[in-house]
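The values are calculated or read from the model by the stated rules, or taken from the named source; none is laboratory data. Predicted, not measured: the structure shown is a model, and the values here were computed from it. Here the Cβ positions follow ideal geometry from the backbone for every residue, glycine too, while neighbour counts run over all protein chains shown. In case anyone asks, the SASA skips ligands and DNA or RNA and just uses the protein heavy atoms, side chains included. Shrake-Rupley method; radii C 1.70, N 1.55, O 1.52, S 1.80 Å.
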Amino acid sequence: DRERFTVIPGEGRRFSNLKQAFVFYAVLVLAALLILIIGYHWLGDQFLAWRLQVAKAEIGFMEQKISGEGLIIRSEEVVRAPASGIILQLADPGRRVAAGAELAVVGVVDPADFDVLRGPEEIEPEADLWKRLIANWNQIFGNVFGNEAEIRSEYDEDISAFEKIIPINNENPGFLSYHLDGWEGYAGPVYLTQDTAAEKLPQMIVTEVGDLVEEGQPILKIVNNWHWYFNIVLPLNPGRAIAGQPDLTIIFDFAPDERAEAFIHDYIIDEVKQEVRITYRLRKQLEKFDQVRWSEASLIYRRHQGIIIPSGALFEKEGVAGVYVNQEGRVVFRPITVTMSQEEQLMVEGIQQHSLVIITHELVEEGQRLD
């Protein structure tokens, strides 16, 4: 049979009166409010700390510099082709080679074949009549004296097709380069403006294996890499002050990650043209220095040391320039004097090294506690 059960009322906790219940719930509400207030302040401080940007004031350097463009002159010895023909071999450029080292090998080509390979557009107007006739006849009548591609293929495939093979050996030690522009013979101070440089500086030619060269044609150069020169024209101010310094630092656009110490070699102060023409001597071999004739450069002529802070930290308070600093957990305003500015940084006086400078100053007020 199914048994019958009876539910017995429990003896839960009951308030004996309404006053006791009111006290209990009041305490509960106050505790919740206290937790909410503490949490609000804690979260607010955490949110402020998250948004607040602080930088440590440190000793650093700032540089005064001027940018300009100038001409690079090197002591260069041109090596010319000993005969007309095709370059068969070239030594690796970009390194210093000893005297007597083999620099290149030229295969001498038959004169008639050479004229065909060169083509009519390459023959100078003053060339002898026979060369011009051959070129013109080939152009008009369709390679009467041979097909250029066939002749080139013959020399490329059979070394015996050359009349002779001539090695070129180095006479003087130096830095080997195949970049030629016709300025190799210049020495001493040479000053050009940007406009005149565009007119007087031809396009640089790079010699390669397989090139057709004429007897006497420059094919490579040996550079004295112990010293080279940079010639630049600067405005009278600060050019006059710069010219009075024995040395400075130069950063060239073709080697932006390298600094080169430069020593003044010569200068001219032109009051009429309001310019200073300066030649610097450099002793550091920079990458690609042999491949550039005209270069933009930054001349760093003065270096200052002082306290550096981010420029965004600076603001005015009641007409006084200054910054907020975190001093032992409290926001304090410090008036400062800016002595130099560069990009996003300031060199200042008025605060000590290691001061905690508040960049997002608009988020705080003077006297505010941060901890």
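Scan GLY319, GLY312 and give me the residue that is of a type in the set (Gly, Ala, Ser) and over 32 Å from the mean Cα position of the chain (by Cα).
Only one candidate qualifies: GLY319.
Filter the range 229-244 down to residues that are in a helix (DSSP H, G or I) and not small (Gly, Ala, Ser) and give me whichever is surrounded by the most Cβ atoms within 10 Å (Cβ to Cβ).
The initial filter retains those residues of the range 229-244 that are in a helix (DSSP H, G or I), namely 236-243.
The next check asks that each one be not small (Gly, Ala, Ser); those that pass are 236-238, 240, 242.
Values: LEU236: 15, ASN237: 11, PRO238: 16, ARG240: 15, ILE242: 20.
Result: ILE242.
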For the range 245-278 the number of residues that are surrounded by 18 or more Cβ atoms within 10 Å (Cβ to Cβ), aliphatic (A, V, I, L, M) and closer than 22 Å to HIS304 by Cα is 5
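Any idea which of TYR155, TYR186 is part of a loop (DSSP other than H, G, I, E, B) and either modelled with pLDDT of 95 or more or touching a strand residue (DSSP E or B) at 6+ places or on another chain (Cβ under 7 Å) (or both)? Spell out how you get there, then give the answer.
Numbers: TYR155 fails: part of a loop (DSSP other than H, G, I, E, B).
One residue alone meets the criteria, TYR186.
Every residue in the range 173-201 that is open to solvent by 70 Å² or more (accessible area, probe 1.4 Å) and either within 22 Å of TYR267 (Cα to Cα) or of a type outside the set (Asp, Glu) (or both), please.
Residues of the range 173-201 that are open to solvent by 70 Å² or more (accessible area, probe 1.4 Å), as a first pass: 173, 185-187, 194-195, 198-200.
Matches in the range 173-201: PRO173, GLY185, TYR186, ALA187, GLN194, ASP195, ALA198, LYS200.
Let's see how each residue does on (1) touching an Asp or Glu at 6+ places or on another chain (Cβ under 7 Å); (2) assigned to a strand (DSSP E or B); (3) modelled with pLDDT under 95; (4) of a type in the set (Gly, Ala, Ser):
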site	(1), (2), (3), (4)
GLY70	no, yes, no, yes
VAL78	yes, yes, no, no
ALA83	yes, no, no, yes
ILE87	yes, yes, no, no
GLY94	no, no, yes, yes
ALA104	no, yes, no, yes
ALA112	no, no, yes, yes
LEU117	yes, no, yes, no
